[in-house]
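Nothing in this text is a laboratory measurement; each read-out follows from the coordinates by a stated rule. Only a predicted model underlies this, so the values are computations on that prediction, with no experimental measurement involved.
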Amino acid sequence: YYDGHIQHSQVILIGGDYITKDICRAFVTPFDTAEDLKRKYGTAQSERVDPNESVEIARISGRPPISVKRQDLCWIIEARVEQILDQLRATLDEHQLRDKLFGGMVLTGGTALLEGIREKTESYLGLETQVGFPNGIEGYKDIITSPMYATAVGLLQYGGQDHTGLNGGCRGWLSRLWNRVMDGIGATY
């Protein structure tokens, strides 16, 4: 987003699910257990973890649980985070976007909640970084005010604005979609 318009958008195909799958493979544990381990004990900065701290991990196929060093878990997480950041760095450099990021990086998605991800991103990319939380939302704040939903909410808010001059002008098409989404959330909760 620059000069009042979205300048570049790209999907990086590696994300938080890849981290969870790495944990599954490394410790032969179910996906839900791996996700829980990532959220409770994971960090993007393994050097900050007490090397003596251990974590109990349930496993699949009737295998007995194992105790592993938390730092081993975090090394797996950090390696994948660095791969994600390498792709992000390549995108920034390829499209010459660094000079346009006056406000720095904003991390969104579930992985933005990972302990140490903001600091890791700042040091790895050399850019100020913050975690993006949706704002300006009326109703359902307790449900959708998480970085997990920040991109979707932001795009819906952006689409609900008047963007005359873009492709001959568009007005509010995402606003109608936003209302449908909010109606659906209201019906569900």
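Computed values, structure above
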{"item": "Under 25 Å from the Cα of residue 100 - lysines, other chains or at least 8 residues apart", "result": "120"}
{"item": "Full-stretch length increase - residue 69, residue 91 - with 0.36 nm per residue and alpha-carbon distance subtracted", "result": "4.5 nm"}
{"item": "Cut-off under 5 Å, modelled amide H: who pairs with residue 130 long-range", "result": "105, 106, 107"}
